[in-house]
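Trainee: Below you will find the structure I want to go over with you.
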Amino acid sequence: MTEETPLESASTADPTATLQADVAAYETIFGELARAMDPAALLKVLTYTLRNAKRVASENQSYDSLEHRRLVARIEALMARAEPAARKQAMTQRNAANHERKVRAKHQADSKRQREGR
């Protein structure tokens, strides 16, 4: 009889290898992610991945290893590609909110003038 070896589950897999696979997947489909996802959400996902990479490195005490530095650099490169769109989106949302506030203030001032004029 042959002995079956159990497959590693996702929870017991090497976390560094999992992170490297995630980053490789992000790099491969980055263009599609950038088109399909909200830029701020994409940046948040990458930030979370970077935080996980740093946590795993600190748990494994491999913070200064070349492998870890390369992984962090790959994540930061993706973040640098996502940041301009996220910044532009934030500015657009801020400008829209400011415009709405100004329009509301103008309407309030007009209605106040109208009430006082009667």
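Trainee: Can you tell me which residue is farthest from residue 19 (Cα to Cα) among those in the range 51-71 that are among the hydrophobic types (A, V, I, L, M, F, W, C) and open to solvent by less than 30 Å² (accessible area, probe 1.4 Å)?
Mentor: Going through the qualifying residues, I end up with 57.
Trainee: Any idea which residue in the range 20-40 is farthest from residue 67 (Cα to Cα), counting only those that are not in a helix (DSSP H, G or I) and not charged (D, E, K, R)?
Mentor: 37
Trainee: Of the residues 25, 41, 34, which is touching a residue at least 24 places away in the same chain (Cβ under 8 Å) and under 17 Å from the mean Cα position of the chain (by Cα)?
Mentor: 34
Trainee: Follow-up. Being among the β-branched types (Val, Ile, Thr) and either more than 16 Å from residue 14 (Cβ to Cβ) or touching a strand residue (DSSP E or B) at 6+ places or on another chain (Cβ under 8 Å) (or both) is the filter here, so list the residues in the range 53-81 that pass it.
Mentor: 72, 75
Trainee: May I pose another question? Do you know which residues across the range 72-89 are surrounded by 13 or more Cβ atoms within 10 Å (Cβ to Cβ) and over 19 Å from residue 25 (Cβ atoms)?
Mentor: Once the filter is applied, which keeps residues that are surrounded by 13 or more Cβ atoms within 10 Å (Cβ to Cβ) and over 19 Å from residue 25 (Cβ atoms), the range 72-89 yields 83, 85, 86, 87, 89.
Trainee: Something else about it: Residues to consider are 76, 67, 83; find the one that is at pLDDT below 90 and of a type in the set (Asp, Glu). Outline the logic, then answer.
Mentor: Numbers: 76 fails: at pLDDT below 90; 83 fails: at pLDDT below 90.
So the residue among 76, 67, 83 that is at pLDDT below 90 and of a type in the set (Asp, Glu) is 67.
Trainee: Whether any residue in the range 38-51 is closer than 30 Å to residue 92 by Cα and in contact with a Ser or Thr (Cβ under 9 Å, 6 or more places away or on another chain) is what I want to check.
Mentor: Within the range 38-51, none of the residues are closer than 30 Å to residue 92 by Cα and in contact with a Ser or Thr (Cβ under 9 Å, 6 or more places away or on another chain).
The values are calculated or read from the model by the stated rules, or taken from the named source; none is laboratory data. As the structure is a computational prediction, the values presented were derived from the model and not from experiment. Heads up, the Cβs are rebuilt from the backbone with ideal geometry, glycines too, and the neighbour counts pull from every protein chain shown. Just so you know, the surface numbers come from the protein's heavy atoms only, side chains and all, with ligands and any DNA or RNA stripped out. Shrake-Rupley method; radii C 1.70, N 1.55, O 1.52, S 1.80 Å.
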